[in-house]
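Worksheet for the structure shown next.
The values are calculated or read from the model by the stated rules, or taken from the named source; none is laboratory data. Predicted model, so just to flag it, every value in this text is computed and none were measured. Here Cβ is always computed from backbone atoms with ideal geometry, including for glycine, and neighbour counts include all displayed protein chains. Note: areas computed on protein heavy atoms with side chains; ligands, DNA, RNA excluded. Shrake-Rupley method; radii C 1.70, N 1.55, O 1.52, S 1.80 Å.
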Amino acid sequence: MEQSIRYTPFFMLCGVLIVSLIVGLLSRRHDRGGYGVQVRSIGHASIGAAIASNWMSAASFLGIAGVFFLNGYFAFAYILGWTGGYVLLLVLMGSQIRRFGKYTAPDFVEARYDSSVARVFSAVIAIVISLIYCVAQYKGIGMVFAWMFGIDYTQALVFGVLITFAYLMVAGGLKAARNPQMHYLVIIIAFVVPLMLIAKKLGYNWLVPQFSYGRALRELPEQVSNAYLFPWTFGSPYEWIALCFTLMVGTAGLPHVLSRFYTVPNNRDARWGVVWGLFFIGLLYWSAPAFGAFAHTWLTNSGTVLTPAEAQALADIIVIKTAEWVGLNEIFISILAIGGVLAAISTITGLLVTGAGAIAYDIYYRLINPKATESHLLIVAKGATLVLALLVLVIAVNPPGLIAQITAVAFALAGNTLFPVFLLGIWWDRANKHGAIAGMTVGTIITFAPILLGNMIPMLRTILPPTSSALIGAPVVILTMIIVSRLTPPPPEHLRRFLVEKVHSP
Amino acid sequence: MSQTNEQDSPSRKDLRINFFRPRPGFMRKEVTIIWITLTAWAVMTFGMPIHLALTHSDPTRTLAEAPYIFGIPAYFWFSGQFLILWFIFLCFIFNVLIDWLSSSYRRRR
């Protein structure tokens with residue numbers, strides 16, 4: 001790796017962070033009345049943009065292109081999993097959970113299953129999901145900073161974490177408001193405009209690179225082209241379906257995705273917001289594979305051959321590398337790098353807040369100190385944020401896989417635990433706390449068994465790939481919940497009445 | 001629940017909620033809409049890779065014989081681009097149907 005600092009992206013990043021702070025400070029004055037609660041007149045498209053900006057992380061911005069660069073068609077399992085999951089969420093749970101009226105996963109679990117044990121369990125799961133998700137984001141930040149400063153990954157990671165933390169502290173201290181619509185706009189422009197320029201440089205249709213990358217793929221040497229176009233070169237049909245299904249149920253079970261349904265004034269707006277949200281997310285996912293394809297075009301044109309290890313190491317910043325390889329103006333390369341960092345930072349903020357909130361309110365307040373005051377809990381939450389961040393840093397020093405793969409493990413955990421608990425909690429009155437606790441236990445075991453025991457029992461990794469365990473896991477957990485609930489007494493009558501009269505009535 | 005749609009709602013003693021045996025009235029219609037959407041979702045998403053797995057096992061033959069659209073094999077375009085459109089379309093249709101259902105129930109009350 002070249003040992004030189006790239007000043008342009010660094011100064012541009014600092015500039016963007018400062019500008020977003022100022023914008024946040026200016027817009028703070030306008031909504032002092034209801035912090036975080038949006039005004040009624042808000043349009044569906046703008047709700048959709050908020051959903052999309054909440055969703056787009058380093059996994060979408062950097063990860064997908066990397067997987068496509070390495071595995072061609074197999075990457076579509078990620079793309080479809082991360083979009084089709086919204087259909088599942090909207091159709092099966094969106095309105096019902098909203099009518100239920102609980103805003104976080106632990107709140108829902110406690111209210112529905114009438115059990116503080118189940119609540120704490122689901123809080124721990126939500127925290128672990130946040131942790132895993134954050135590791136992937138930090139890997140993205142580390143990779144981009146390593147590229148930016150020409151230093152090694154670990155140093156870059158620490159440096160990147162310091163910068164993001166300083167930014168979060170300042171933004172939090174000044175109570176700067178976030179503008180999700182603007183955030184989405186910045187991210188999507190930072191992604192698509194450089195892609196158009198890359199297509200132009202390589203001589204493909206630049207207006208819709210989303211279509212022209214197909215031609216680019218077919219013009220590669222036949223062997224390479226066939227490998228990327230053929231569905232089963234890099235994974236069996238089972239692996240593809242299992243991954244796609246896991247990401248879908250994971251999307252429907254992710255706490256921070258679900259809570260998006262409540263920041264909107266009413267149910268109908270939330271539902272229509274999803275349609276727009278999916279479109280906005282789609283814009284990014286239609287484009288992402290093009291980076292991977294154009295990277296191969298350049299490699300072929302320039303006669304460069306990467307070893308599998310080199311390709312693996314570059315995959316997560318292939319978006320930036322492609323722009324650099326084809327010789328884009330440094331400003332546009334920097335825009336890509338900044339977009340990736342911004343996507344990661346905003347996701348980290350959301351996740352750390354969720355995680356720290358769960359530690360302070362669901363674990364500390366419930367289990368350790370029920371007499372704690374609000375200001376005391378706030379201090380605990382701040383401390384928890386720091387502890388979580390350090391924990392993530394330690395894991396991210398040796399990232400266990402690609403950004404998209406690490407993220408997928410978080411989805412597998414959500415799909416194996418929270419998804420069944422939500423699903424049965426809404427659609428089956430008989431599901432009770434014993435069933436929920438048993439189900440979450442089995443789900444946790446299914447998620448982590450292939451990771452922890454995979455080396456001893458290789459069969460386990462074939463049947464339950466760590467990224468894709470929910471195809472088998474979710475049905476097994478649902479079955480466990482049904483059996484255990486049947487064997488134990490039904491939930492109290494007032495809960496079942498509530499389900500009938502509130503959750504399943506117009 | 002108000003008195004007017006008494007014949008529509010099951011007895012107040014019956015508190016059973018089951019996706020596979022929806023309560024008469026609003027919930028039954030809602031579940032029908034959910035089934036339609038979910039079927040359209042599952043068939044297109046998982047039917048396609050299953051079809052590919054059954055029919056396409058040899059790369060060179062596959063790519064020579066598969067139908068092409070926009071210059072790439074049709075299945076490739078289908079998974080990479082069409083399905084996302086399909087998901088958006090499904091959410092749209094679902095919303096239209098649910099809007100219609102809830103407004104018809106609101107009027108009845």
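Part of a helix (DSSP H, G or I), open to solvent by 10 Å² or more (accessible area, probe 1.4 Å) and more than 7 Å from every other protein chain (Cβ to nearest Cβ): is that true of B:Leu63 in this structure? Please lay out each step first, then the result.
On the way: part of a helix (DSSP H, G or I): yes; open to solvent by 10 Å² or more (accessible area, probe 1.4 Å): yes; more than 7 Å from every other protein chain (Cβ to nearest Cβ): no.
So B:Leu63 does not fit the description; no.
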Kindly provide the set of residues from the range A:447-470 that are hydrophobic (A, V, I, L, M, F, W, C) and surrounded by 22 or more Cβ atoms within 10 Å (Cβ to Cβ), ordered by number. A:Leu464, A:Ala470
Hey, A:Ile51 β-branched (Val, Ile, Thr), touching a Phe, Trp or Tyr at 6+ places or on another chain (Cβ under 7 Å) and within 13 Å of chain B (Cβ to nearest Cβ) or not: no
Kindly evaluate A:Val161 against the criterion of being open to solvent by 10 Å² or more (accessible area, probe 1.4 Å) and either in contact (Cβ under 8 Å) with a residue 40 or more places away in the chain or at negative phi (or both). yes
So B:Leu85 ticks every box in (1) open to solvent by 40 Å² or more (accessible area, probe 1.4 Å); (2) more than 9 Å from every other protein chain (Cβ to nearest Cβ); (3) closer than 26 Å to A:Leu284 by Cα but one. Which box is left unticked? (2)
So is A:Thr462 polar (S, T, N, Q) and either over 18 Å from A:Ala408 (Cβ atoms) or at pLDDT 90 or above (or both) or not? no
Taking the condition of being open to solvent by 40 Å² or more (accessible area, probe 1.4 Å) and at the interface with chain A (Cβ under 9 Å from one of its Cβ atoms), how many residues in the range B:70-82 meet it? 2
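Quick check on this structure: which one of A:Ala313, A:Ala270, A:Ala309 is of a type outside the set (Phe, Trp, Tyr) and crowded, with 21+ Cβ neighbours inside 10 Å?
Only one candidate qualifies: A:Ala270.
Condition check: of a type outside the set (A, V, I, L, M) and under 30 Å from A:Ala58 (Cβ atoms). Does A:Asn432 satisfy that?
no
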Residues in the range A:240-295 that are within 14 Å of another protein chain (Cβ to nearest Cβ) and over 16 Å from B:Gln81 (Cβ atoms) total 25
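Is at least one residue of the range A:430-441 among the polar types (S, T, N, Q) and open to solvent by 10 Å² or more (accessible area, probe 1.4 Å)?
The answer is yes; a qualifying residue exists.
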Answer yes if at least one residue in the range A:224-233 is within 30 Å of A:Leu92 (Cα to Cα), hydrophobic (A, V, I, L, M, F, W, C) and more than 10 Å from chain B (Cβ to nearest Cβ), and no otherwise. no
Are any of the residues in the range A:190-211 small (Gly, Ala, Ser) and over 30 Å from A:Val23 (Cα atoms)? yes
Which of the residues spanning the range B:88-107 are more than 9 Å from every other protein chain (Cβ to nearest Cβ) and of a type in the set (Lys, Arg)? B:Arg107
